[in-house]
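Undergrad: To start, I am sharing the structure in question, which I have written as structure tokens.
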Amino acid sequence: MKKVAVIMGSDSDLPVVEKCINQLKEFEIPVEVHVLSAHRTPVQAAAFADSAREKGFGVIISCAGKAAHLGGVLAAYTTLPIIGVPIKSSTLDGMDALLSTVQMPSGIPVASVAIDGAANAAILAAEILSISEPALEEKLKAMRAKMTQSVLEKDEKVSAAY
Ligand code: RP5
């Protein structure tokens, strides 16, 4: 199976990013995690993206806060899909990171999830890899079925109470 890279701009992003890593591990997707910054280690970030496809990665998840250019910089150096996770780490409540992640120029896309939407980034990565991994498709279906069941149980409780 192709690997997923989880790149974060700073170790201060880890409390949010861990939700993504844990979800990927739950799917048994091989994962590599790195701290690389678009601004503080631009050379290393570019080199990572440039060699990611030949190293066996299928998706890169980019997690960054503030002026979150990491997803865009990684996307500039690879044609692998990049999923951005804007991290809420500033006085602007993550809106800065969301806009910096999502407002990419035409031709170089970054697919953004919600602010702090780390688990969804892992699920989206699993969905992309599931195109060529039937076992992953089964795990995704099982997850949906569990979710459905949980909402139906909540509905039963709430509708009985009122
Ligand atoms: C971003 O700046 C990082 O992704 C992080 O969210 C934010 C703050 O980084 P630190 O100053 O905590 O290292 O590049």
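Undergrad: Please give the number of the condition residue 38 fails out of (1) open to solvent by less than 20 Å² (accessible area, probe 1.4 Å); (2) within 26 Å of residue 134 (Cα to Cα).
TA: (2)
Undergrad: Determine, yes or no, whether residue 68 is within 15 Å of the chain's Cα centre (by Cα), open to solvent by less than 10 Å² (accessible area, probe 1.4 Å) and either more than 13 Å from the ligand (Cβ to nearest atom) or within 14 Å of residue 110 (Cβ to Cβ) (or both).
TA: Against the criterion (within 15 Å of the chain's Cα centre (by Cα), open to solvent by less than 10 Å² (accessible area, probe 1.4 Å) and either more than 13 Å from the ligand (Cβ to nearest atom) or within 14 Å of residue 110 (Cβ to Cβ) (or both)), residue 68 qualifies.
Undergrad: Considering (1) of a type in the set (A, V, I, L, M); (2) touching a helix residue (DSSP H, G or I) at 6+ places or on another chain (Cβ under 8 Å); (3) part of a helix (DSSP H, G or I), say which one residue 160 fails and leave the rest.
TA: It fails just one condition, (2).
Undergrad: When you check residue 148 against the structure, is it assigned by TED's automatic domain parsing to the domain that holds residue 16 and not aromatic (Phe, Trp, Tyr), yes or no?
TA: Against the criterion (assigned by TED's automatic domain parsing to the domain that holds residue 16 and not aromatic (Phe, Trp, Tyr)), residue 148 does not qualify.
Undergrad: So, one more: How many residues, within region 42-55, are surrounded by 16 or more Cβ atoms within 10 Å (Cβ to Cβ) and farther than 20 Å from residue 131 by Cβ?
TA: Number satisfying all stated conditions: 4.
Undergrad: Select the helices (runs of 4 or more DSSP H) contained entirely in region 1-109, then report the ones holding at least 3 residues which are closer than 30 Å to residue 138 by Cα and among the aliphatic types (A, V, I, L, M).
TA: It comes to 14-26.
Undergrad: Also, I was wondering about something else. Residues 130, 90: which one is more than 21 Å from residue 34 (Cα to Cα), touching a helix residue (DSSP H, G or I) at 6+ places or on another chain (Cβ under 8 Å), within 15 Å of the ligand (Cβ to nearest atom) and open to solvent by less than 40 Å² (accessible area, probe 1.4 Å)?
TA: Answer to the selection: 90.
Undergrad: Moving on. Before we move on, is residue 37 under 15 Å from residue 125 (Cβ atoms), of a type outside the set (Lys, Arg) and within 15 Å of the ligand (Cβ to nearest atom)?
TA: no
Undergrad: Within region 1-12, restricting attention to residues that are within 15 Å of the ligand (Cβ to nearest atom) and open to solvent by 10 Å² or more (accessible area, probe 1.4 Å), which residue is nearest to the chain's Cα centre (by Cα)?
TA: Once the filter is applied, the top-ranked residue is 9.
The values are calculated or read from the model by the stated rules, or taken from the named source; none is laboratory data. These numbers come from a predicted model, not from an experiment. Cβ: placed from backbone, ideal geometry, glycine included. Neighbour counts: every protein chain shown. When the accessible area is computed, the model is the full protein with side chains, heavy atoms only, and any ligands, DNA or RNA have been set aside. Shrake-Rupley method; radii C 1.70, N 1.55, O 1.52, S 1.80 Å.
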